[in-house]
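These notes are about the structure you will find just below.
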Amino acid sequence: MFLIHFLYLLFSAKPQPQDIAPLAKLPKASGGSSFENREFGGRWLTLLLRRSRAFLAGRKHFKTGNLRDPGLAARRCMLYKSSMTKPVCEYLIIQLCVFLLLGQCCFSNREVETRVYTMPDSIVQEIGRAAQGGNFSCAKKTLFSRDFFELGDDRLLILLGIPDYLCASNSFMPVTVDDQGQWLAGRPMPGAPSWLVRGADDALWLAAQWQVEGTFPALYRSLDGVDWQEIKLPEDRNVDCCFERLTRICFHPGAVRLKFEGDAAGAEASWEAGLDGLDAPGPGPVWKPVAAAHEGADESSCPFVPLGHGSWVRMEAEQSKWIYFKKNRMYLKTSLVIPGSLE
């Protein structure tokens, strides 16, 4: 808005007699209060506007030959000609760039705030207890943290992989943290995360894969990212007995559609159910198979867009056991710290 206002004043203001006055030297800014800096910035801007109007007015009269006021036109033509012999135009551009770059320090004394939040020990201990209950665990207790998602309400969701199977992970714990440093953790969930989307019902839908001697999918739904409800999948899908994946979810008005694919045979199938009553206790949704031709025709009109990292960046500190999640904004830098292992 400041730049637009400046350009408006520069090109729309009518030339004034003082525009062709001798250019005064810029006062030097000395350390002082924020009010003094703003006053200095105001004087600088006023002088810059006068110089710019004089330059443009002289150029206009020099090119068009407007002689309605011969004296003023002559003086401005002289100013334009003299500016052509001196790099006034380049000088004005440099001044404008410097002024815009220093605008924050001249007109605002707001400082950048840094926030650092470390995951509470209670969550780390809960993950440690879940890891002890796993099968075929090893001595190396790596905490897997590469599945993280920006939720859009100033919260980050981290699906922490629990080291419970052959130094890898076949279960995870959902953990959320907001911009005030409030950490919340849900119960451990089986499998490894595949994808996360926000549905038409404004809920989070998460797919996971069980990965022990084969793989098969599971589907979860949550309203807050902490408490998750498992959604019963259709039975007798006839896709793959041992290596089956849930690869896609799609939302139609009042309905949800799933797509399953097999690793070995290359088979696939789609099923659809209504969204009504998903939260109610009972046998679960009523799934109906979808014809292959119908399913393929609707994919383009019903996009599958998983959530991603957003503005968050994950960093592993060198020679350190800590993992950092960082998000930088104009006046706020947030860092979340979690351990890289349970050792």
- Message: Restricting to the stretch 117-130, give me the number of residues that are polar (S, T, N, Q) and either in a helix (DSSP H, G or I) or touching a Lys or Arg at 6+ places or on another chain (Cβ under 6 Å) (or both).
- Response: 2
- the stretch 227-251 - residue that is charged (D, E, K, R) and over 27 Å from the mean Cα position of the chain (by Cα) and, of those, farthest from residue 269 (Cα to Cα): 230
- Task: State yes or no: is residue 172 modelled with pLDDT under 95, farther than 22 Å from residue 334 by Cα and not assigned by TED's automatic domain parsing to the domain that holds residue 224?
- Result: no
- Task: Please report, ordered by residue number, the strands (runs of 3 or more DSSP E) entirely within the stretch 131-197 with at least 1 residues that are under 16 Å from the mean Cα position of the chain (by Cα) and more than 21 Å from residue 230 (Cα to Cα).
- Result: 148-150, 155-165, 168-178
- Query: Condition test on residue 203, is it modelled with pLDDT of 90 or more, in contact with a helix residue (DSSP H, G or I) (Cβ under 6 Å, 6 or more places away or on another chain) and at negative phi?
  - Reply: no
- Task: Please work out which residue is nearest to the chain's Cα centre (by Cα), limiting yourself to the stretch 310-341 and to residues that are in a loop (DSSP other than H, G, I, E, B) and within 18 Å of residue 183 (Cα to Cα).
- Result: 312
- Restricting attention to the stretch 240-253, report how many residues are touching a strand residue (DSSP E or B) at 6+ places or on another chain (Cβ under 6 Å) and either among the acidic types (Asp, Glu) or more than 17 Å from residue 208 (Cα to Cα) (or both). 2
- Among the residues of the stretch 239-285, the number that are surrounded by fewer than 18 Cβ atoms within 10 Å (Cβ to Cβ) and modelled with pLDDT of 90 or more is 3
- assigned by TED's automatic domain parsing to the domain that holds residue 180 and modelled with pLDDT under 80 - does that describe any residue in the stretch 124-134? yes
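The values are calculated or read from the model by the stated rules, or taken from the named source; none is laboratory data. It should be emphasised that the depicted structure is a prediction, and the values quoted were computed from it without experimental measurement. Note that we place each Cβ from the backbone using ideal geometry, even for glycine, and neighbour counts take in every protein chain shown.
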